[in-house]
Amino acid sequence: MKDLTRAIPALFVVLWATGFIGARYAMPWAEPFTFLWIRFALTFGVLLLIIPLVKAKAIGPRNAFHASIAGVLMHGVYLGGVFWAVRNGLPAGFAGLIVGLQPMLTAVIAGLFLGEKVTGKHWLGLVVGLVGVVTVLSPKFGSISGGVTVATIGAAVVAVIAMSVGTVWQKRFVATADLVTVTLYQYVGGWAVTFLVSLLFETQHFVLNGELVFAMAWLVFVLSLGAIFLLMILIREGEVARVASLFYLVPAVTALMAWFLFDETLTPVQLVGMAITTFGVALATRRSVRQPAAATARASR
């Protein structure tokens, strides 16, 4: 069981990285918020089937409210903002760079609202990790074009802030509640905001074909269920600043997947960036010997 627990961070990174591959398959065939509210509704339906099987516990109105707020931020605003920005021309490399700011932003917010202390060594790890992300994404910066506007950059920045705040909100208010039920209410929040935006600003038109069905099934079962459950476990068991640093590895893993699946180039510079990123994440996630599982102790209060 201990070995399985140790594997959770690596498995989470791999699963989370596949989300960008799934989005690549889906976005030509559906508007972003329309795609997301359908995805969240399907995930909600699957969770309703799972809850009696795993005997998930009720979490009460207060926890349900806070889980929904976390879902609005982590699913609705974060995914909606990134999907919308890329759909409207923001190059994936530039979007990845903005999203790469999330671990450092999360560390600052966690320090302010959770009292988590990030040591100098861990700050160094966050900085090194960011340098690695920039290196991995640098070959894509040449594709920056007219899609870089105040609107697209603003959407990506808002998305990053929402993910950071949502992660801290989850840790602060519902870290100890039943994970399955919490996730159910998260998707209630995510569905509400994406459905409303879709209703107001999109035509809700989509083309039903094999690629869209594959992307939807993958993102529902692998991302919205598998990866999110792993993220909830990581948030519950660890400090959010360290958990957030795992997101630095996502661009590197995504680049490897795109190289394998779409025959995209993978340069020596990117390989060096992957090594730098891995080293930075190792620094940022390493616990001090003097530091017992403080986050677990806080979560049990």
- Go over the candidates R39, R87, R6, R62 one by one and state the one that is of a type in the set (K, R) and within 19 Å of L223 (Cα to Cα). R39
- Message: Against the condition in contact with a Gly (Cβ under 6 Å, 6 or more places away or on another chain) and in a loop (DSSP other than H, G, I, E, B), how does L90 come out, does it pass?
- Response: yes
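Test of understanding: among F65, F20, which residue is assigned to a helix (DSSP H, G or I), modelled with pLDDT under 90 and of a type outside the set (S, T, N, Q)?
Values: F65 fails: modelled with pLDDT under 90.
None of the other options fit; the residue is F20.
Surrounded by fewer than 15 Cβ atoms within 10 Å (Cβ to Cβ), farther than 28 Å from G45 by Cβ and not aliphatic (A, V, I, L, M), is that true of G125?
Answer is no for this residue.
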- Query: For the stretch 194-205, does any single residue satisfy the condition of being of a type outside the set (D, E) and crowded, with 23+ Cβ neighbours inside 10 Å?
  - Reply: yes
- First in the stretch 179-195 and closer than 16 Å to I235 by Cα, second anywhere and small (G, A, S) and modelled with pLDDT under 95, Cβ under 6 Å, 6 or more apart: V180/A56; T181/A56
- Note on the structure: Note: among A151, A162, A177, just one is over 20 Å from the mean Cα position of the chain (by Cα) and at pLDDT 90 or above, namely A177
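Just to be sure before I move on: is A58 hydrophobic (A, V, I, L, M, F, W, C), within 14 Å of V174 (Cα to Cα) and at pLDDT 95 or above in the structure I sent?
Numbers: hydrophobic (A, V, I, L, M, F, W, C): yes; within 14 Å of V174 (Cα to Cα): yes; at pLDDT 95 or above: no.
Considered against the rule, which asks whether it is hydrophobic (A, V, I, L, M, F, W, C), within 14 Å of V174 (Cα to Cα) and at pLDDT 95 or above, A58 comes out as no.
Return the residues of the stretch 1-17 that are part of a helix (DSSP H, G or I) and surrounded by fewer than 12 Cβ atoms within 10 Å (Cβ to Cβ); say none if nothing qualifies.
If we filter the stretch 1-17 for residues that are part of a helix (DSSP H, G or I), which is where we start, we get 2-17.
K2, D3, L4, T5, R6, A7, listed by residue number.
The values are calculated or read from the model by the stated rules, or taken from the named source; none is laboratory data. Remember, it's a predicted structure, so these values are computed and weren't measured experimentally. Cβ: placed from backbone, ideal geometry, glycine included. Neighbour counts: every protein chain shown.
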